[in-house]
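Down below is the structure, laid out as structure tokens.
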Amino acid sequence: MSWSEVAVAAVDGISPPTGGLVVVRDRCGRPEAVYAVVAELERRGVTAVVDAVPDELFASILHGTEPELIEHFGTHRAAMLETADGVITLGAQKPDFDGVKPEVLQAFLRARGVMGEVEARRRLPFLVVGVPTPRLARELGWSTAELDRAVLPAIAVERRVLADAVERAAAELDRPQWVLESPGCLLTADRGGRELLSDDGHVSEVDRARGAATSNLPAGSVYSTVIEESVEGTVRLRGDIVLTFEEGRVTTGPEHLRGERVSHIGVGLNPAARPVGWVLNDEHQVGAVFLALGENRYLDGRNASALNEDFVVDRGRLGCR
């Protein structure tokens, strides 16, 4: 799959209006991917504004600045989002925050929260494209070219194929209560009247009206927010991490996750996704169950948080009551 094909899939995913403006966030540091998306937008009469702060560069910035300076990270970016018609983010690996001063990290999270408020309020179509980076390849023990060959085919799956899989899964999972099983663990959650959402790689006007303004490439999933305080029990995540929830909040598990609530829970449906050890890709495998913690107002949920992180459930099974 070529980068021009990736670019077509990405721009189709948010369908920006002719004469509109799209923010292209370069978090991958791969010019071939960025330029392809910019070219595709401009061919369609859409202005591309590139926000180029690749993750490795941004990590070095965080290590070398002061909190009162990083507070301004979101000022003009939030203003730009007020007039944008969509966002395409290239790369989906978290920056390396190890060794960053806590006060600097908190200042960044506050600044990012300002941007998140605009994104949620305007329900901007938001597409995250899984562009592998050299750092990710090193961490997974692959070459970048090998990782490209493993990940990019899942981006190319026809939307019709994903839509058919979504329809079948939705018929099984559209129930008010969910039960999530993993080895030695059981988690229950009440969906109440929350919408059952889906990701077929395209953020339509119908999706936005239902509160689903975000999509991924690779795509292919059915998911839902849940009544935040209803989550009870335990879940085992990949990496042998066990979280305990009481009255909707994490009470045992990694320190940085304690007190957080579930953003959404879902199941993957992409027939071309193969496991590589990268959550953005792996959560879309057929039958993979994923659980996200943190911010979910952009999905019409009720949880405000500086955290927004997905996890693959270890051998998870999602059922209904």
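Find which of L21, A33, V11 sits farthest along the positive direction of the dipole of the stretch 1-45, computed with +1 on the beta-carbon of Lys and Arg, -1 on that of Asp and Glu, about the Cα centre.
So the residue furthest toward the plus end is L21.
Just report the Cα centroid separation between the stretch 137-210 and the stretch 58-114, whole Å.
About 27 Å separates the Cα centre of the stretch 137-210 from the one of the stretch 58-114.
Restricting to Cα pairs below 8 Å that are 6+ residues apart, what does the relative contact order work out to for the stretch 3-155? Please round to a whole percent.
28
Treat the count of other C-beta atoms within 10 Å as a stand-in for reagent exposure and order D174, D199, D98 from fewest to most.
In order of increasing Cβ crowding within 10 Å: D98, D174, D199.
Taking 8 Å as the Cα distance limit and 6 or more residues as the minimum spacing, I'd like the relative contact order of the chain as a percentage.
Once normalised by length, the contact order is 16 percent.
Any idea what log10 I(q)/I(0) is at q = 0.08, 0.15 Å⁻¹ for the chain, Debye with uniform C-alpha scatterers and no solvent?
-0.34, -1.35
Which order do I14, I88 fall in if you start with the one that has the fewest other Cβ atoms within 10 Å?
In order of increasing Cβ crowding within 10 Å: I14, I88.
How high is the relative contact order of the stretch 62-152, given as a whole-number percent (alpha carbon pairs under 8 Å, six or more residues apart)?
Once divided by the residue count of the stretch 62-152, the mean separation gives 38 percent.
Within 12 Å, Cβ to Cβ, of P67, how many net charges do the neighbouring residues add up to if Lys/Arg are +1 and Asp/Glu are -1?
Net charge in that neighbourhood comes out at -2.
Give or take rounding to whole Å, what are the principal axis extents of the alpha carbon atoms in the stretch 159-320, in descending order?
Each principal axis gives a Cα extent; for the stretch 159-320 these are 41, 32, 28 Å.
Calculated from DSSP H runs of 4 or more alone, at -39500 (n - 2.57) each and per residue, what is the 222 nm mean residue ellipticity of the chain, nearest 500?
Calculated at 222 nm, the ellipticity per residue is -10000 deg cm²/dmol.
Placing unit charges on C-beta atoms (Lys and Arg positive, Asp and Glu negative, everything else neutral), compute the dipole magnitude of the stretch 159-320 about its Cα centre in debye, rounded to 20.
Roughly 240 debye, rounded to the nearest 20.
Computed over the Cα atoms, what is the radius of gyration of the stretch 29-162 divided by 2.2 N^0.38 Å, N being its residue count?
In units of the globular-protein estimate, the stretch 29-162 measures up at 1.17.
Taking Rh as the Kirkwood radius, which is the inverse of the mean 1/r over Cα pairs, what is the Rg/Rh value for the stretch 1-97?
Here the Rg-to-Rh quotient is 1.01.
Using Cβ contacts closer than 10 Å as the measure, can you line up H284, H202, H76, H63 from fewest to most?
In increasing order of surrounding Cβ atoms, one gets H76, H63, H202, H284.
Read-outs throughout are calculated quantities, based only on the coordinates presented, and are distinct from any laboratory measurement. Here the structure is a predicted model, which means the values were calculated and not measured. Note that each Cβ is placed from the backbone with ideal geometry, even for glycine, and that neighbours are counted across all protein chains shown.
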